[in-house]
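Taking it in order: structure first as structure tokens, then the write-up.
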Amino acid sequence: QVQLVESGGGLVQAGGSLRLSCAASGRTFSIYSMGWFRQAPGKEREFVTAITGDGGTNYVDSVKGRFTISKDNAENTVYLQMNSLKPEDTAVYYCAAGLRLYGSRWYGRSSEDYWGQGTQVTVSS
């Protein structure tokens with residue numbers, strides 16, 4: 001029942017920064033775990049980061065110390081601050097709602113209703 005609209009992608013040189021935004025509709029935003037996945041050409045979609053309803057965060061090892069997820073419940077918006085970007089960060093980034101944690105692995109929902117449209121991030125060397 002949530003609608004997600006992403007913005008903030010673009011082209012940046014290695015070492016630069018971008019901030020992605022994901023604006024959500026619906027009254028149940030605050031109860032969802034939210035997060036970001038990314039998919040590079042020819043690669044599987046991979047988990048990047050998640051933030052829980054109470055504000056706890058998780059990151060894939062490759063982005064720890066460089067990426068920061070945050071949210072503003074009052075504005076129904078989740079953010080991804082990306083610093084020290086590397087060419088291997090190049091991908092389409094997808095905002096996701098209702099992430100599930102099974103053991104130490106995060107999964108997105110099967111329904112496309114719980115995903116943003118994707119925004120391209122390209123990091124040049």
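No value in this document is a laboratory result; all are computed from the given coordinates. Nothing here was measured: the structure is a model prediction, and the numbers come from that model. We place every Cβ from the backbone using ideal geometry, glycine too, and count neighbours over all the protein chains shown.
Would the stretch 56-119 count as rounded, prolate or oblate if I go by the C-alpha gyration tensor, calling it rounded below 1.5 in a/c and otherwise prolate when a/b exceeds b/c, oblate otherwise? In terms of gyration-tensor shape, rounded. The charge dipole of the chain, taken about its Cα centre with unit charges on the Cβ atoms of Lys, Arg (+1), Asp and Glu (-1) only, comes to about 160 debye. Each of Gly35, Val60, Thr77 was scored by the projection of its Cα onto the charge dipole of the stretch 1-81, and the greatest displacement toward the positive side belongs to Val60; charges sit on the C-beta of Lys, Arg, Asp and Glu. Between the stretch 14-55 and the stretch 102-125, how many Å separate their Cα centres? Between the Cα centre of the stretch 14-55 and that of the stretch 102-125, the gap is 6 Å. For the peptides 33-40, 70-77, 105-112, the ranking by mean Cβ contacts within 10 Å, running from highest to lowest, is 33-40, 70-77, 105-112. Take every pair of alpha-carbon atoms less than 8 Å apart whose residues are at least six positions apart; their mean separation over the length of the chain yields a relative contact order of 35 percent.
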